[in-house]
Amino acid sequence: MIGFDSGIGNGLQAKKIAPVRPTTPRKGTTKKKENDVMVKGYKRAEATSLRLLRRREVEARTGLSRSSIYARMADGTFPLAVYLGGRAVAWVESEIDSWVMARIAARASQA
């Protein structure tokens, strides 16, 4: 396979890229059932009812701008995004709802 690398030159330089090998299951491992959901930190019943929210919906629910969301993620004060592939990310709905409820509770404790 040949890819192109933009080097310090007048153009693109050809560069060999190793092909990606598909992974095969090891002998003796069990296959997952189609409806078997394994999500770290969630029970099976919760995992089947998870909903992901895209950025615009998170902005609408929280009232935060895109830059504020990412700044708070970097600070560790906002739920982390789930990588969907390419440039797509989403947030777990229950985590966003919990964050909003915590903000409301913090307001009540300040008064």
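Side notes on the structure shown:
- Residue list for segment 91-111, restricted to those being under 16 Å from Leu53 (Cβ atoms) and assigned to a helix (DSSP H, G or I): Glu93, Ser94, Glu95, Ile96, Asp97, Ser98, Trp99, Val100, Met101
- Segment 70-90, residues that are surrounded by 15 or more Cβ atoms within 10 Å (Cβ to Cβ) and part of a loop (DSSP other than H, G, I, E, B): Phe78, Pro79, Ala81
Throughout, read-outs are computed from the coordinates displayed, never taken from laboratory work. Bear in mind the structure is a predicted one, so any value in this text is a computation, not a measurement. Because the Cβ atoms are built from the backbone with ideal geometry, glycine has one as well, and the counts that use them run over all protein chains shown.
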